[in-house]
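Visitor: Sharing a structure below in structure tokens format, with a few things to ask.
The values are calculated or read from the model by the stated rules, or taken from the named source; none is laboratory data. Remember, it's a predicted structure, so these values are computed and weren't measured experimentally. All Cβ positions, glycine included, derive from the backbone under ideal geometry; neighbour counts span all protein chains shown. SASA here: full protein model, heavy atoms, side chains in, ligands and nucleic acids out. Shrake-Rupley method; radii C 1.70, N 1.55, O 1.52, S 1.80 Å.
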Amino acid sequence: MTSEFIITPRILFRDKRLSRTDIDVLSLIISLALKYGYCYATNDYLKEYINSSERTINYSLSKLKKLDYIIVKFDNSKRRIYLNMEKVPTKVADEDAENCSNEVASSCTHNINSNKYKKNNKRKEILPYWMEHPEICVSEPLSEEEQKEMDELMKDYK
């Protein structure tokens, strides 16, 4: 074991469907996925780090997939665990908010400050990161390089 810190996002504590083990597993996956955008830890690694059984790890991973916290893909028979970025915030909102204006936030179609959301302030589910922080909703035009790449990808569909 290393002396790394694992920080658990507060949003995970609000989801009462998650057990403490589920939160520990997801927190470890988050910390491992920050470098490459995915985690490639084996069940044995997770089991040892969390100090749990393989069966418990399998159950937690299945539950996290079912609840859309993680997305599991296989690349050349190697498992990669990706975070569902709509459910699991990995950025500090203040970093993005510095580059945003209130005008941009108010034009966001799912602005949580609108009257629609104020009336129903009793939220039953956890909102995606972008709904809780509308200031990150920014629209930017494509660069020339991005436009060429998009045109190349779309030529088969014309």
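Visitor: Report, by residue number, each residue of the range 64-87 that is open to solvent by less than 40 Å² (accessible area, probe 1.4 Å), at pLDDT 90 or above and in contact with a Phe, Trp or Tyr (Cβ under 8 Å, 6 or more places away or on another chain).
Guide: 70, 81
Visitor: Looking at this structure, is residue 18 open to solvent by less than 50 Å² (accessible area, probe 1.4 Å) and either within 19 Å of residue 128 (Cα to Cα) or in contact with a Lys or Arg (Cβ under 8 Å, 6 or more places away or on another chain) (or both)?
Guide: Judged against the criteria, residue 18 is a match.
Visitor: Let me ask something additional. Looking at 27, 31, 60, 52 in this structure, which one is part of a loop (DSSP other than H, G, I, E, B) and of a type in the set (Gly, Ala, Ser)?
Guide: 52
Visitor: Give me the residue from the range 23-63 that is among the charged types (D, E, K, R) and surrounded by fewer than 16 Cβ atoms within 10 Å (Cβ to Cβ) and, out of that set, nearest to residue 7 (Cα to Cα).
Guide: Only one residue tops the list, namely 35.
Visitor: Residues in the range 3-13: is at least one at pLDDT 80 or above and either open to solvent by 50 Å² or more (accessible area, probe 1.4 Å) or more than 13 Å from residue 64 (Cβ to Cβ) (or both)?
Guide: Checked the range 3-13: at least one residue is at pLDDT 80 or above and either open to solvent by 50 Å² or more (accessible area, probe 1.4 Å) or more than 13 Å from residue 64 (Cβ to Cβ) (or both).
Visitor: While we're here: Those residues that are open to solvent by less than 90 Å² (accessible area, probe 1.4 Å) and not aliphatic (A, V, I, L, M), I need them from the range 133-145; list them, please.
Guide: Listed by number, the residues that qualify are 133, 134, 135, 137, 143.
Visitor: State which residue pairs qualify: first residue in contact (Cβ under 8 Å) with a residue 40 or more places away in the chain and inside the range 64-77, second residue in a loop (DSSP other than H, G, I, E, B) and loosely packed, with under 10 Cβ neighbours inside 10 Å in any location, beta carbons under 9 Å apart, and separation of 6 or more residues or different chains.
Guide: Close Cβ pairs satisfying both conditions: 67/17.
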